[in-house]
1. With unit charges on the beta carbons (Lys and Arg positive, Asp and Glu negative) and the dipole taken about the Cα centre of the range 174-251, which residue among L203, G215, H237 sits farthest to the positive side?
2. Once the Cβ-Cβ distance between K581 and I337 is put in as r, and R0 is 41 Å, what FRET efficiency do you end up with, to the nearest 0.05?
3. Taking the beta-carbon count within 10 Å as an exposure proxy, list V473, V547 from fewest neighbours to most.
4. Work out how much length M345 to T208 would gain on full extension: take 0.36 nm times their residue separation and subtract the Cα-Cα distance, in nm to one decimal.
5. About its Cα centre, what dipole magnitude does the range 528-582 give when the only charges are +1 on Lys and Arg Cβ and -1 on Asp and Glu Cβ, stated in debye to the nearest 20?
6. For E121 and Q393, compute 0.36 nm times the residue count separating them, minus their Cα-Cα distance, and round to one decimal in nm.
7. Counting other beta carbons within 10 Å of each Cβ, put F397, F529 in order, fewest first.
8. Normalised by the residues of the range 308-415, what does the relative contact order come to in percent, with Cα pairs under 8 Å and at least six apart?
Amino acid sequence: STPNIIPTANSSSYSEDNIIFNDIHSTLSSDNSSHSKSPYAPTYSTISIPIKETSTNNNNGNHQRSLLRNFSPTYSTISIPIKQSADAGRHTTYIYNSDSNLYGTSSSGDSTSVSVSEPPESDIQKALRTVNSYIPVSLSQVNLNFLRGSKNGNDRKETARPKWMDQKRDVISKASIDSRTRHLLRGVACDSEATSLRRLADLCQHLTSFPHTKGAAIKCGGLGRVLRVLSHTKDQHVMEHARAALGLMGYAGPVSGRGARILTIDGGGVRGLVAVELLRQLESMTGQPVHKMFDFICGVSTGAIVAVLAGVHRLPLPECAELYMEMSERIFTQTRIRGTTGLVMNNSYYDSNTWDAILKEQMGEMPLMATVNAEDSPKICFIASSVERLATQAYLFRNYVLPYRVASHYNGTSHCPLWQAVRASAAAPGYFSEFQLGDLTLMDGGMLVNNPSAIAVHEARLLWPDEGFQTVVSLGTGRCQPIEQPSNGTAPSINWGDKLRTVINSATDTEGVHTILHDLMPGNVYFRFNPHLSEEITLDEIRPERVTRMMQDTQLYARQNTTKFEEAAASLMGEKNFYHKARDYVKKGRLLHGFDVEG
């Protein structure tokens, strides 16, 4: 028999969220006599069916249709009250015809029924019915509502969405990138200078955007193709772009002398003027500017500033000294009240924004790799300290890309503006705030490596693995040796200030690296110049009388070590012999004829 679902009796209103049916304690039987006892003969437990929320302002007819259409089509006959009156048992029967989609009514005493055709059971419903049969009765009472939203929208808790899911990135396959690399390299050699320039510019942009495609460029003979363009063209712009493309592919080129000539400059704030004076002594003896004397220049902190002024911008050394002193006076002129406030608020005694503006103005915003476009440009390296939670490591800013399949022990980058590289290398803690480069926190390289000679030797070996070292010149920024007081036989007491000063001096020590290199390298190759100063000079010392005394001490040191300067100058001026020239010619010929291709 067809079951009847009985509504709650004599209720004045009906919940639009659920229809709740009463418990009727009788048994379902096909015997007609059992139905004569009560008009509600079939027995059912209380059933709650959620229906779609409708407006309570609808009329009765619309309300009834809403009830009908939102019932689950599990039952063929449904009894629904449509009007509450004194005769609570009065119902109206709606009969639904599945063929004509029409509703009709029929009376049946005190109650009426709605006949709804039962649709065929789908495969999904059969599967769900099978699964539900295995669910325990206790679990079947749990209402798992996955499809319907919460009644109260405020109850929903939105989960945190990672930012990378909202970032739209163009995904390009490695095969497509390598294919474009080969296509650009095949088109660099052409008759028109304008076309060659445009294609070289596209190649440089492509290599900058996708550094890992350097391997594909090497394998298809990219070095030889660009070298042929460089050797045949006379256009200055084409030459610059060709050198840039070679640099991005990791081509270092031959050294100028019999071996690599390296210059390293220590950090020291205002004492960088000492390094400028020492360079002036070497320049006067060799007759060559700094950028032609050396193949590789490495600086840390104030040494990075001197390296840019003399090696990149190629300023005369007297002008470098004037500009350096002018920059020092602009940044280190400040009241103590303002400095103390800045130290408490921003962890920097001096205004870091002013320091940024000065570096942008004097160093320039050109990319690091753009500094090798000019002829006779040395390789430049600046050292900063990468501050991490677990350890502090040296971080290198390079104007070169390491050769194919060559890796350095030190992390670094070649793709950032020149002034940012100097800013990170010269971010002395306490004096200036740390520098943020992407996710990295960078500070003064002198905290970790105040004498960059060892790192410079390491990087030069990576660039020119087949070359030896012709000259390594290490320039210090002066040192003050305190005069020891005679001991009275008792151990002196050390306060916290002396302990802190000892730790800082040991961390920024420059003579330890000098001692190691002095023992490892020949005496006619390695030269270290570090004058003795008559008094301690701080990083921010700008008083004219003390700066003048510092320069006098440096000049005195140069006169006392004239022989050593002459030996260094003679080593720097050593030219290539026939053997070195022939070897360079063979290497270049192999590249031009495509023998650099690797499988």
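Derivation of every value follows stated rules applied to the coordinates shown; laboratory data play no part. Here the structure is a predicted model, which means the values were calculated and not measured. Positions of Cβ are backbone-derived with ideal geometry, glycine not excepted, and every protein chain shown enters the neighbour counts.
1. Ranked along the dipole, the leading option is G215.
2. Rounded to the nearest 0.05, the efficiency is 0.05.
3. Ascending number of Cβ neighbours within 10 Å: V547, V473.
4. 45.5 nm
5. So the dipole magnitude of the range 528-582 works out to roughly 320 debye.
6. The E121-Q393 span can extend by a further 91.0 nm.
7. In increasing order of surrounding Cβ atoms, one gets F529, F397.
8. 18 percent
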